[in-house]
Structure formats: structure tokens, C-alpha cells
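Here is the structure we will look at.
The values are calculated or read from the model by the stated rules, or taken from the named source; none is laboratory data. Quick caveat: nothing in here was measured; it's all calculated off a predicted structure. So basically every Cβ, Gly included, is an ideal-geometry build from the backbone, and we count neighbours across all protein chains shown. Side chains included, ligands, DNA and RNA excluded: accessible areas come from the protein's heavy atoms. Shrake-Rupley method; radii C 1.70, N 1.55, O 1.52, S 1.80 Å.
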Amino acid sequence: MTRITRRSFTAMAGAAAGASLAMPGIAFGAGARIAVIGGGFGGATAARYLKRLDPNLNVTLIEPSAKFITCPFSNLVLGGLKTMDDITHGYDGLTNGGVRVIRASAQGIDPSAKRLSLSTGTAVPYDKLVLSPGIDLNFGALPGYDQAAAEKVPHAWKAGAQTLLLKRQLEAMADGGTVIIVCPDNPYRCPPGPYERASMIAHYLKTKKPKSKILILDAKESFSKQALFQEGWQAVYGSMIEWLPGKAGGKVTAVDAKAMTVKTEFGDQKGAVINVIPPQTAGEVARAAGFAEPSGWCTVDVNTFQSKANADTYIVGDAAIAGQMPKSGFSANSQAKVVALAIVDGLNGRKPTPPAFANTCYSLVAPKYGISVANVYRVTEQGLVSVEGGVSPIGQPAQFRSQEATYGQGWYDSITMDMFG
Amino acid sequence: MTRRSHLMLLMCSVGLVIASPSEAQNGPTALALSCAACHGTDGKSPGAIPILAGRPAKELKEALTGFKAGTRPATVMNRLAKGYTDQEIDALADYFSRRK
């Protein structure tokens, strides 16, 4: 039988007591290895909060980009209100907070061996995995719209080079041109995003090319914050923006990037600039591991966001099927915190912290004209549903809309600090 | 000392840690953590949205109760606070009053 000396035992007990005084509740979680894939709103938040809730965890964040460019506010770059620098964030704050950041892409997940393989050739073993892979554009879904076509007809639905391509095309367009925005059916990343984009492009055109038009061709019959957007468009841009719902000829069935036309059931529409926001799926790494259902999105237990396909994997953000929660940065941030609590509670043998979720999403109609939707979500017998909330009221004075625009900026400043430190 | 007695002692100390009332009562709720997306980490907003950290619990409770009842003007908080229970409002007020 192994003997332990009085001195070594006292030292060990002292260390345990010291640790429990400094950081209550770390005992079982100490040293557990948590791998987080994806350094966006879900992944960066999860990594940061895991480390904050239990400083003894070994948290590794795997992200191929050196810097993260936010999709939120990328429409403001198109409108000329922000620069790319304004929406670009580094990972130094996470590193300084004790998260190990590996610049690589996760190429494969072996859930039974609990190991990731990275693009760098390295293998990363883990005890728990948090997946926040975001979206992939489903290039097969809309005939004529593939990766090559996107170089002529940008999607700009992942912020970065595509955002700048669309911006350059708008700048090169002659006054009097028509900008077509093609919107997909639900579900997709950022439900009000296409309409904020139309607003920000209208702001640019109103200033620089006032004879131009924007035509939104929508697969849907209605859209997020519709009454607020339409009230704002009328007030600020007159008849510059036209929205066609699916049944009125809005549903696009094919794209011809060479001819700069899109096909609808009512005939072809020609644009000087065309922005196609195609249908989407969960990011490749989640689908390849078998975590997605045939729809392309990942099923999770909405109490914890634990994958229904694998108990050691948690999936947050756009990739997850999250009941009534929209695919937004705020949702991903909110879900990531529930996951961090669930993992830390589980590793420490604590009673689970009850889940609660929120989403607040601001859109900008014009520089001092903001609108919002805000909801509290809970798990009920009906699943993960909104229990309270809704959109901001229409018919408000300029002061109210200006306040919402200011708070939208405040939200951006806070959430990026919350993610990146 | 045998390994078994050592392990038992260690497990006792672990048990104490788990039962620690301060952790159970003052650990952040999921709702409190969700506030950070607008109000900043620990309620320390860096921008236009009000700071929550370190404000008196009474003041925070009055504000949240007023938003919930619709008696206090707001752009967003009147919509969100309706989704909080009175018990959650107390816990949020207490939690943010303790952030320094």
C-alpha cells in the first residue's frame, strides 16, 4: 500500500484548502481540457466565460483567422459609417485571460476518441468540446450561384473580403442603377440583416447616387422588424427601396452572374449590382462529424446546448437549432454562457444552473435611426420559446429612434468587450 | 497514513467546497450573464448603455421593477424586464450591486 508522509499530505491538503478559499468549487473541474472550435460570437464568449467561471480549466480556442471581423456592423461599412478596422478584433484579450488560442482550422472531430485534428497536423485531445462553427453558404441550393459566381455577385454574408467587394461595386456603379438584394427563406444568419443592408446601401446611394433604386427579392412573405423597417424606409428614403415578397415575384429560382440577372417566377430581373444571400447550413466541421440533421443544422438539448448526437459536445450559435431564438450574435453569446455554466457545473458536480436566454438586436435604418427587437427566452414544454419581448414601437419621435441608434452602438461596444476582453 | 484515509480527507474538503453557501447563492445566474451583451462584462459597460456594476441593489431593483410594471420609460428594458420573475429581479440587483 502506498504510504504518504505527513509533510506531503499537509502540503496537499493545504493546497486544496487554499484553492477552495480562493476559488470555491474548482475541485473536480481542475485540469479538464475544453476545446472550443470557432472564435466568433459563440466560441469566443464560451472560451472566455469557461475560464472566468473556472480558472483551472485548460481552455483551447481553435480559430483559423488571426482577427475576427464581425458580421454585425458590416452593413455600416457598406453605408460608409464604419471602416473594416472598426469591426475587426484580435484575440489578445482571450490569450491574456488564460485561453490558449491556436490559429488553425479544425479539420476533423473524432467524438469517440475525443480528439480533434487540425489543419496544422496537430491533434488536440479534449474532455469537452464546444462547437461554434457558424454558417456555410449552401452554394448548391440556388442554381447558378456557386463560389465562382460569388466573386462577381457577392453574398457578403461572412464579413471580410466579400464586404469590401460589394462596397467597391456600389462605389463603381453609375447613378440610376438598380441594386438587387436576394433574400433566402428562413432559417438563416441574422434575420433582419438583409433589410438593414438595404437601409445602409440606401443611405450611401441617397448621398452619392440619388437616382438609384434598391430591389429586394425575397423568398419570404414577411420579415423581421418589417413594420419598423418599412416605416423608416418611407420616412428616410421615400420610394428608393422596393420589397417584393415571394408570392409577388420575389422568389429567385436561379442566378446568372455573367448576365447580371436573376430569375424569378415573374421573369428575369437585371441589376447593376446584385447581392445574393443564399441559403445556409451549419459550418462544415459540425456536419462532417455527424452532428447535423438532414436540414443542415444541429440538434441540441436546449437546456444545455449539448449535442443530441454526442454528449461531450456542445453546439452554440448559428449552427444550432435553438427553438425560437434567432441566429444572431447576441443569441450565440447568450447560449455560450449557458454552455459554460453547464460544463463548469457538470465538472464540479454541482446542481445545474437553470438556463435562461436573451436576445436584443438593433438595426440601423439611417445614421440616427435605430430599431430593435428584444426577447427573453426560456425552456418550456413547448421547447425554447420567447416568454416576453418583441420589437420596439412604430410611430415614435426622432428622439426615440436616435436613442435606439445610440444604444445599438453601445451594444456593439459591450458585446465585443464581453467576447474579446 | 493510508491512501484511503488521505482520500477521505480530501473528499471531505471537496464536499465542503461543493456545499459552500456563498458559491450557491452568489454564483452568476444565466440571466445575469446574459445582461453583459449590452451592459458589458460584469455590468461594466464601456459605452452608451448604463453601467450596472456597483450600483446599490435598491436602485437596481427599483429600476427593474419599474421597467417590468411599465411605469419607468425605456426603449428596450421595458420589453425584457417583463420576462423576469420578482425573485430574479432581486437576484440581478444583488449580483450587480456586488460587481466592483
State whether one or more residues within the stretch A:395-414 are over 30 Å from A:T304 (Cα atoms), of a type in the set (D, E), modelled with pLDDT of 95 or more and not assigned by TED's automatic domain parsing to the domain that holds A:H203. yes
Top-ranked residue of the stretch A:369-390 - restricted to ones that are within 20 Å of the chain's Cα centre (by Cα) and aliphatic (A, V, I, L, M), ranked as nearest to the other protein chains (Cβ to nearest Cβ): A:V376
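Given the structure, is A:V365 under 14 Å from B:L80 (Cβ atoms) and either at the interface with chain B (Cβ under 9 Å from one of its Cβ atoms) or in contact with a Ser or Thr (Cβ under 7 Å, 6 or more places away or on another chain) (or both)? Steps first, please.
Values: under 14 Å from B:L80 (Cβ atoms): no; either at the interface with chain B (Cβ under 9 Å from one of its Cβ atoms) or in contact with a Ser or Thr (Cβ under 7 Å, 6 or more places away or on another chain) (or both): yes.
No.
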Tell me yes or no: at least one residue of the stretch B:70-88 is more than 19 Å from A:N375 (Cβ to Cβ), within 13 Å of another protein chain (Cβ to nearest Cβ) and under 13 Å from the mean Cα position of the chain (by Cα). yes
Which residues, counting only those in the stretch A:354-405, are touching an Asp or Glu at 6+ places or on another chain (Cβ under 6 Å) and farther than 27 Å from A:L81 by Cα? A:V376
Sort out which residues of the stretch A:367-411 are under 20 Å from A:T45 (Cα atoms), open to solvent by less than 40 Å² (accessible area, probe 1.4 Å) and in a helix (DSSP H, G or I), and write them in order of number. A:G408, A:G410, A:W411
Just to verify a result, which residue in the stretch A:38-67, among those that are open to solvent by 40 Å² or more (accessible area, probe 1.4 Å) and in contact with a strand residue (DSSP E or B) (Cβ under 8 Å, 6 or more places away or on another chain), is nearest to A:A104 (Cα to Cα)? A:A66
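Search the stretch A:202-228 for residues being in a helix (DSSP H, G or I) and surrounded by fewer than 22 Cβ atoms within 10 Å (Cβ to Cβ), and hand back the single one that is nearest to the chain's Cα centre (by Cα).
Of the residues in the stretch A:202-228, the ones in a helix (DSSP H, G or I) are A:202-208, A:226-228.
Filter once more, so that each one left must be surrounded by fewer than 22 Cβ atoms within 10 Å (Cβ to Cβ): A:204, A:206-208, A:226-227.
Details: A:Y204: 25, A:K206: 29, A:T207: 30, A:K208: 31, A:Q226: 21, A:A227: 24 Å.
It comes out as A:Q226.
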Is one or more of the residues making up the stretch A:190-201 touching a helix residue (DSSP H, G or I) at 6+ places or on another chain (Cβ under 9 Å), open to solvent by less than 40 Å² (accessible area, probe 1.4 Å), free of Cβ contacts under 8 Å to residues at least 40 places away in the same chain and not in a loop (DSSP other than H, G, I, E, B)? no
Which of the numbered conditions does A:S414 fail, given that it passes all the others? Conditions: (1) of a type outside the set (D, E, K, R); (2) more than 7 Å from chain B (Cβ to nearest Cβ); (3) crowded, with 22+ Cβ neighbours inside 10 Å. (2)
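Going through A:A159, A:A106 one at a time, which residue ends up being open to solvent by less than 50 Å² (accessible area, probe 1.4 Å) and more than 25 Å from B:T41 (Cβ to Cβ)? Even if it seems obvious, please write down each step before you answer.
On the way: A:A159 fails: more than 25 Å from B:T41 (Cβ to Cβ).
A:A106 is the lone residue from the list that is open to solvent by less than 50 Å² (accessible area, probe 1.4 Å) and more than 25 Å from B:T41 (Cβ to Cβ).
Being closer than 30 Å to A:V59 by Cα and either outside any loop (DSSP other than H, G, I, E, B) or not assigned by TED's automatic domain parsing to the domain that holds A:P133 (or both), is that true of even one residue in the stretch A:349-357? Don't jump to the end; show me each part of the working.
Start the filter on the stretch A:349-357 by keeping residues that are closer than 30 Å to A:V59 by Cα, which leaves A:349-357.
Pick out the ones that are also either outside any loop (DSSP other than H, G, I, E, B) or not assigned by TED's automatic domain parsing to the domain that holds A:P133 (or both) and you get A:357.
Looking for residues that are closer than 30 Å to A:V59 by Cα and either outside any loop (DSSP other than H, G, I, E, B) or not assigned by TED's automatic domain parsing to the domain that holds A:P133 (or both), one finds at least one in the stretch A:349-357, hence yes.
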Neighbours by Cβ (under 6 Å, 6+ apart or cross-chain): first from the stretch A:267-295, open to solvent by 60 Å² or more (accessible area, probe 1.4 Å); second of a type in the set (V, I, T) and not in a loop (DSSP other than H, G, I, E, B): A:D268/A:T261; A:K270/A:T261; A:E293/A:T299
Every residue in the stretch A:317-342 that is within 13 Å of another protein chain (Cβ to nearest Cβ), crowded, with 24+ Cβ neighbours inside 10 Å and under 20 Å from A:K114 (Cβ atoms), please. A:V339, A:A340
